[in-house]
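> Pasting a structure here, questions to come.
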Amino acid sequence: MSAPVTSAYRLRRSTSRILRTIGLPLLLLFVSLIFIGVPFFMAVAWSLVEPNNPWSYPNLFPPSLSTYPWEYVFKYTEIIQAMATSYALATSATALAFVLALPTAYAIGRYDFRGKEMIRILLLVPLVLPSMVVALFLSRVFGFLGLAQTFEGLVLGHTLLGLPFMARLLSTSFEAVPREISDAASNLGASELVKFREIYIPMILPGIFAGSIFTFITSLEEFALTFVIGTPNYQTIPTILYGFLGYHFVRTNAAVVSLILLVPNVVLLFVLDRRLKTGGVSSAYSKL
């Protein structure tokens, strides 16, 4: 190989290495800023707009800032009670989804039986149905059962919506447990209950954590089901948010409520990401 050809080849390799080490991270950072940073900045900016001096074209930034939208939301809406209801509802739905999904996920993940794939598909049905359709169906059923406009009915409805996430992550986490470990425990005389308690549960903890976060966030952000089944007795953060997004669109107040809803979810997702990096459920997470 001649010297000019060798130099060109080395130049291409060095250029490619620079693009991989610097160019790709910069591109990812730019995309993240566009799709995450800009909407977040806009929400913060709109939540601080002075009502008497509105932000409109051609102003690139708000002409004046004020905390009045925050004061209005906390003074004239039931946002505090809605936050308490939202977090109590999400916590209850997550716990119930875990209790219901655990035996089903264990059976799917550790045993082969007829109809296994059909059960997998049925578990995912609530994900493909519009939440308003599910809400209208459940409102009719809950009306007969006396669960409409009750906290218990809301918990059951939110559990139904979050159950696919919990069941999917737990079942794939059970599948990821090496069968050799279970066989070794059986050879040592461990019963199924002992294996479940001492082997499976510790090894699927990241899956439990991930399923809980997804179920919690799904419940926290659910509007249609809460609106149809819970109002007027119960309000959550999304129902207050959509109240400002109705016919009389109040962008500043909607931005405040959206930030109240968004920030805890972002924190939970960062916690989930760090937990998944240190856990053994990455394969289960990728199969969601």
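Each reported figure results from applying straightforward, stated rules to the coordinates on display, with no laboratory input. All of these numbers come straight from a predicted model, not from anything done at the bench. Cβ sites come from the backbone with ideal geometry, for glycine too, and all protein chains shown count toward neighbours.
> If amide hydrogens are placed 1.01 Å from N in the peptide plane, which non-local residues have theirs closer than 5 Å to the one on Val49?
Excluding prolines and chain starts, which carry no amide H, the hits are Ser66.
> Restrict the search to segment 187-277; then list the chymotrypsin sites (Phe, Trp or Tyr not before Pro) that DSSP places in a loop and that have at most 11 other Cβ atoms within 10 Å of their Cβ.
Tyr247, Phe249
> At q = 0.10, 0.13, 0.18 Å⁻¹, what is the log10 ratio I(q)/I(0) for segment 105-216, with the Debye formula run over Cα points and no solvent?
Log-scaled intensity ratios, in q order: -0.41, -0.63, -0.95.
> Out of segment 75-170, which trypsin sites (Lys or Arg not before Pro) are coil in DSSP terms and have no more than 11 other C-beta atoms within 10 Å?
Hits after loop and neighbour filter: Arg114.
> Residue by residue through segment 113-120, what is 3J(HN,Hα) from phi via Karplus (6.51 cos²θ - 1.76 cosθ + 1.60, θ = phi - 60°)? Round to whole Hz and write x for glycine and proline.
Whole-Hz 3J(HN,Hα) from phi for segment 113-120: 8, 5, x, 4, 5, 5, 5, 4.
> Got a sec? Charge dipole of segment 68-286, +1 on Cβ for Lys and Arg, -1 for Asp and Glu; which of Val194, Leu122, Leu160 is way out at the positive end?
Leu122
> Also: Charges at C-beta only: +1 for Lys and Arg, -1 for Asp and Glu. How large is the resulting dipole of segment 68-286 about its Cα centre, in Debye rounded to 20?
Working: 14 positive and 13 negative charges, 34 e Å.
So the magnitude is around 160 debye.
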